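J.: Before I ask anything, let me first share the structure, which is written out below as structure tokens.
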Amino acid sequence: MKNIVRSNRPTAVDQFIRQSLRSARLRASLGKGALTFGLALSLGAGTAMAEEAAASSSDVQLLEEIVVTAQFRQQNLQTTPVAITAINAQQLDERSMSSLADLNGIAPNLTITKGTNTNGPAAQTFIRGIGQSDGHPGLEPGVGIYVDDVYHGLLLGTDLDLTDLDRVEVLRGPQGTLAGKNSIGGSIKLFSKKPNEETDGYVDATYGDFNRIDIKAGGNFTLVPDTLYARVSGVSKQQDGYMKRLDYFCATGGAPSTTQISVHPGCQIGTEGGTDIHAVRVALRWLVNDKVENNFIATSTQDRSEVPALKLIYAANTQGLIPGGNGSQFITGPTSYTTYATYNQLGFTDPARYTGQPGAGTHQGISLPTTDPIDSYGLTDTVDWKVADHYTLTAITGYLRYKGAYSIEVGDSPYPTQVLNDTWADRQFTEEIRLNGTSFDRFDWTVGGYYFHELAHFGGLKMLSPGITTETLFTGNDPVESTNKSGFAHGVWRATDALSVIAGIRYTKEDKSYTFQRLNPYAQTLPSYTPVGPLNDTTGSYAGNHTDYRAGIEYQWTESIMTYAQYSTGFRGGGVNPRPFIVQQEVSFGPETIKGSEIGMKSDLLDHHLRLNVAAFFNQYKDILFTNAAPTIVNGVTLSANNATPVNVGAANIKGLEAEFEIRPFGGLQFDGSASYLNFNFTSINQSAAAQIPNVSLRTDEPYAPTRMAALGAQYTFNIGTGGSFTPRFDANYQSRFYTDIANTALGQVSGRTLMNARLTWKSPKDEWQTSFAVTNVADKFYYVNKVNAVAPTNITQGQPGEPREWSVSIRRNF
């Protein structure tokens, strides 16, 4: 760590705030001050608790030092010149956060939305307005997701469980040199707890609304004293869905159901949004000697959760395929957690193109599963070798394997316009080697190389309505192969005890190929199916390279105040359109690029009672990718009514402000929060792109990019002597409206919202036992987290409601 200039002279701001805090403490100590007295009475704790709440400043819990590894080595969060938010395991529990999607709003300008099955079961993650909503393996994420420093190259399956973590780091802004490709918006890094000689064991059980039952456990084991340690942890989470699936005919008193589905009391045929996850993690830590340490982690997850909750909110189908209307008759109440989705397609007739092939003619309906099964496992091995006093070699090896499927029904009715059962599999191998060193006692540097190889398969059964494409029924298992190689260097020159200069560079080369399969599922002739259409067995490819840079300075004004300024770049990889409906749509697209400028300040004030971090940024975002949903027309002839081709649309400027704070003024009182502002403006639009996406203009807003976000949390710990402690906590989270489609239509707009959560925790005196009562969405607000807006001829809009108010009770035993 570098030397820090120390100054004991308080600033005018310090003096003002200190005087305010002294006044507050004085009022709290005089006859039970109003604030603490009211809090104590609200818990019915009586005079003894009120007197403890009015404790002197000597009882204040100071802000802890947080260690992060954003620049390839351990550093204090407050002296790291990067806009970064770090959350530890205790803070995750206090905020009732158990999955990656729960982190939405935990950092400024961070939005994480649970994806609908239309784009695949994934955490749609955006930082500073940049990310990716489509989980298809042929598309790259816009925010890098890392677990124990291993990059996850697939968006599908990224709503990861947060059990038994040490911390979460959210890095905002382009991380091209520090993290590599696809961290153009930023990155999120999850770090597991490492085994050590302490037991650090626990068992945690939770019961709550919708028959929620969670069981979590973990603990360390010493296998060889001072040499080999193990940590085993696991989680089981089960909960019924909050969206009821109703049989339309039963619920409306119409004709008997023709769906051949078992109808339960209340006309219910099932639910959506339920959870069924089981996972285990085993970690081994081997201290080979005083210079070499090896950490090995193996994980396995089985997910059988239900399809995400989705309901019909608009329908004007023009295809004439829905008996009795255009589909609007299947819209349920505006704040009702109900849907008429059946995941069944009634009998249909193959199009004329199948005439003469096996399976041609009229068929029975297609029935889809209502769960999204995912099986995954991963292996990670990290070796740290202290080569010499100032040199450390690190090798990080990762292997991940996924297999999953998900069902899509468009229409939420007994007569869906589209049903799809997408299957996917992914296998990736990564290797990162880096050498850290310090030269001349002032120059910290890192050099390294990175290799990534991924082979994914994407397929399943597709049943599309006539008029969307000539290939209305097909199956396949498209292979998608991607390779990435990069070399990087990073350095920090401590010019003086206060001033540091930063520089970094990374060169990346990538290759990708996509082979399409279009086969008739009813024409199975071993060893293969009968081909359907000209797309079958065609391959698209993409290759490119990119160089990213980082340059910056930081200045440590005092022991507690640091400012920085930096310029950095990043990119998101190009590829091949993964969803062509016709040969003319089998085209490649280029990478997105960004040039970002940022200034910031980090401060720990008032003798570590107040932490305040602020940042301002300006990003030049180029070759922005949007999906072309307009019909493909050539020479006045419509070749395909539907389209999903990624197109590099144009360039935009993104600017914003961010602030985070945490304050512990006296006793057990704590406030924490954040606020952010984001402004997105197109500066240019490609003429060819404007022709393909007619609704794009210079006034178009970036999807999934709310302009304003804010979060506020408050808690107070009441110590009650031999009775332990009580800690009530309240959280509020606000985000303004945003669009989910590039056309910025009213149907694709998700309204702004404020959500509130509350939690009350009791801990025994020695922290052996812990009981918590939590309520999420306290106001029971009905709101949407996502929308899917389909254009003509389908003309159907579906919304994904967030969870209603839920309560839970947890009991934890620590060992």
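J.: Which ones in segment 652-677 are assigned to a strand (DSSP E or B) and open to solvent by less than 20 Å² (accessible area, probe 1.4 Å)? Before you say what the answer is, go through the steps one by one.
T.: At the first step, the residues of segment 652-677 found to be assigned to a strand (DSSP E or B) are 652-663, 669-677.
A652, I654, G656, E658, L669, Q670, D672, G673, S674, S676 - these are the residues of segment 652-677 that are assigned to a strand (DSSP E or B) and open to solvent by less than 20 Å² (accessible area, probe 1.4 Å).
J.: Quick one: is L755 open to solvent by 40 Å² or more (accessible area, probe 1.4 Å) and in contact (Cβ under 8 Å) with a residue 12 or more places away in the chain? Don't jump to the end; show me each part of the working.
T.: On the way: open to solvent by 40 Å² or more (accessible area, probe 1.4 Å): no; in contact (Cβ under 8 Å) with a residue 12 or more places away in the chain: yes.
No: the conditions fail for L755.
J.: Taking the criterion of being in contact with a Pro (Cβ under 8 Å, 6 or more places away or on another chain), surrounded by fewer than 19 Cβ atoms within 10 Å (Cβ to Cβ) and under 20 Å from Q800 (Cβ atoms), would at least one residue in segment 731-742 satisfy it? Give the steps one after another, and end with the answer.
T.: Applying the first criterion (in contact with a Pro (Cβ under 8 Å, 6 or more places away or on another chain)) to segment 731-742 yields 735-742.
Narrowing further to those that are surrounded by fewer than 19 Cβ atoms within 10 Å (Cβ to Cβ): 736-737.
Remaining after also requiring under 20 Å from Q800 (Cβ atoms): 736-737.
So far as segment 731-742 goes, yes, one or more of its residues are in contact with a Pro (Cβ under 8 Å, 6 or more places away or on another chain), surrounded by fewer than 19 Cβ atoms within 10 Å (Cβ to Cβ) and under 20 Å from Q800 (Cβ atoms).
J.: Only residues that are of a type in the set (A, V, I, L, M) and either within 17 Å of S98 (Cα to Cα) or open to solvent by less than 10 Å² (accessible area, probe 1.4 Å) (or both): list them for segment 156-191, please.
T.: Narrowing segment 156-191 to residues of a type in the set (A, V, I, L, M): 156, 160, 162, 165, 168, 170-171, 178-179, 184, 188, 190.
Within segment 156-191, L156, L160, L162, L165, V168, V170, L171, I184, I188, L190 meet the criteria.
J.: How about segment 678-700: which of its residues are at pLDDT below 90 and crowded, with 21+ Cβ neighbours inside 10 Å?
T.: I693, V696, T700
J.: If you don't mind, another one. For R304, indicate whether it is closer than 28 Å to V143 by Cβ and open to solvent by 30 Å² or more (accessible area, probe 1.4 Å).
T.: Working: closer than 28 Å to V143 by Cβ: yes; open to solvent by 30 Å² or more (accessible area, probe 1.4 Å): yes.
So R304 passes the test.
J.: Related question: If the Cβ limit is 7 Å and pairs must be 6+ apart or interchain, which residue in segment 109-131 that is free of Cβ contacts under 8 Å to residues at least 24 places away in the same chain and over 17 Å from A615 (Cβ atoms) pairs with which residue that is of a type in the set (V, I, T) and buried (at least 24 other Cβ atoms within 10 Å of the Cβ)?
T.: Close Cβ pairs satisfying both conditions: I112/T125.
J.: I would also like to ask the following. Across segment 423-434, what is the total count of residues that are out of contact with any His (no Cβ under 9 Å at 6 or more places or on another chain) and either modelled with pLDDT under 95 or β-branched (V, I, T) (or both)?
T.: Of the residues in segment 423-434, 1 are out of contact with any His (no Cβ under 9 Å at 6 or more places or on another chain) and either modelled with pLDDT under 95 or β-branched (V, I, T) (or both).
J.: Is there a residue being open to solvent by 10 Å² or more (accessible area, probe 1.4 Å) and under 27 Å from V282 (Cβ atoms) anywhere in segment 124-140?
T.: Within segment 124-140, none of the residues are open to solvent by 10 Å² or more (accessible area, probe 1.4 Å) and under 27 Å from V282 (Cβ atoms).
Let's see how each residue does on (1) over 30 Å from N642 (Cβ atoms); (2) in contact with a strand residue (DSSP E or B) (Cβ under 6 Å, 6 or more places away or on another chain):
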position: I693; (1), (2): no, yes
position: Y704; (1), (2): no, yes
position: T722; (1), (2): yes, no
position: F726; (1), (2): yes, yes
position: D731; (1), (2): yes, yes
position: D741; (1), (2): no, yes
position: G748; (1), (2): no, yes
position: L755; (1), (2): yes, yes
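J.: Just to check your reading of the model, which residue among T761, T771 is surrounded by fewer than 17 Cβ atoms within 10 Å (Cβ to Cβ) and part of a strand (DSSP E or B)?
T.: Values: T761 fails: surrounded by fewer than 17 Cβ atoms within 10 Å (Cβ to Cβ).
Exactly one of T761, T771 is surrounded by fewer than 17 Cβ atoms within 10 Å (Cβ to Cβ) and part of a strand (DSSP E or B), namely T771.
J.: If you don't mind, another one. Would you be able to tell me the number of residues in segment 619-648 that are closer than 29 Å to A86 by Cα and either more than 23 Å from the chain's Cα centre (by Cα) or among the acidic types (D, E) (or both)?
T.: 1
J.: Checking the structure you have, find out if any residue of segment 519-532 is open to solvent by less than 10 Å² (accessible area, probe 1.4 Å), part of a strand (DSSP E or B) and more than 28 Å from H453 (Cβ to Cβ). First the steps, then the outcome.
T.: Quick first cut of segment 519-532, residues open to solvent by less than 10 Å² (accessible area, probe 1.4 Å) only: 520, 523, 532.
Filter once more, so that each one left must be part of a strand (DSSP E or B): 520, 523.
When the remaining residues are screened for being more than 28 Å from H453 (Cβ to Cβ), the result is 520, 523.
Among the residues of segment 519-532, at least one is open to solvent by less than 10 Å² (accessible area, probe 1.4 Å), part of a strand (DSSP E or B) and more than 28 Å from H453 (Cβ to Cβ), which makes the answer yes.
J.: Among the residues of segment 776-796, count how many are assigned to a loop (DSSP other than H, G, I, E, B), on the phi < 0 side of the Ramachandran plot and at pLDDT 95 or above.
T.: Applying the first criterion (assigned to a loop (DSSP other than H, G, I, E, B)) to segment 776-796 yields 777-783, 790-795.
Those still in the list that are on the phi < 0 side of the Ramachandran plot too: 778-779, 781-783, 790-794.
Among the residues that remain, those that are also at pLDDT 95 or above are: 778-779, 781-783.
Count: 5.
J.: Please find, within segment 192-233, the residue that is nearest to Q71 (Cα to Cα) out of those that are open to solvent by less than 20 Å² (accessible area, probe 1.4 Å) and under 25 Å from the mean Cα position of the chain (by Cα). Break it down stepwise before answering.
T.: Here is the first cut: in segment 192-233, the residues open to solvent by less than 20 Å² (accessible area, probe 1.4 Å) are 192, 195, 201-202, 204, 206, 208, 214, 218-220, 229-231, 233.
In the following step, the residues that additionally are under 25 Å from the mean Cα position of the chain (by Cα) were identified as 192, 204, 206, 208, 214, 218, 233.
Working: S192: 19, D204: 35, T206: 38, G208: 41, D214: 36, G218: 30, S233: 29 Å.
The selected residue is S192.
J.: Let me ask you something else. Under the condition of being of a type in the set (S, T, N, Q) and under 23 Å from the mean Cα position of the chain (by Cα), which residue from segment 419-451 is most open to solvent (accessible area, probe 1.4 Å)? First the steps, then the outcome.
T.: At the first step, the residues of segment 419-451 found to be of a type in the set (S, T, N, Q) are 421, 423, 428, 430, 436, 438-439, 446.
Next, from what is left, pick out any that are under 23 Å from the mean Cα position of the chain (by Cα): 423, 428, 430.
Values: T423: 46, Q428: 3, T430: 5 Å².
Filtering segment 419-451 for residues that are of a type in the set (S, T, N, Q) and under 23 Å from the mean Cα position of the chain (by Cα), the one most open to solvent (accessible area, probe 1.4 Å) comes out as T423.
J.: Please verify whether Q239 is in contact with a His (Cβ under 6 Å, 6 or more places away or on another chain) and at pLDDT 95 or above, treating the condition exactly as stated. Break it down stepwise before answering.
T.: Working: in contact with a His (Cβ under 6 Å, 6 or more places away or on another chain): no; at pLDDT 95 or above: yes.
Criteria not met by Q239.
The values are calculated or read from the model by the stated rules, or taken from the named source; none is laboratory data. If you're wondering where the values come from, they're calculated on a predicted model, not measured in any experiment. Because the Cβ atoms are built from the backbone with ideal geometry, glycine has one as well, and the counts that use them run over all protein chains shown. For accessibility, only protein heavy atoms count, side chains too; no ligands or nucleic acids. Shrake-Rupley method; radii C 1.70, N 1.55, O 1.52, S 1.80 Å.
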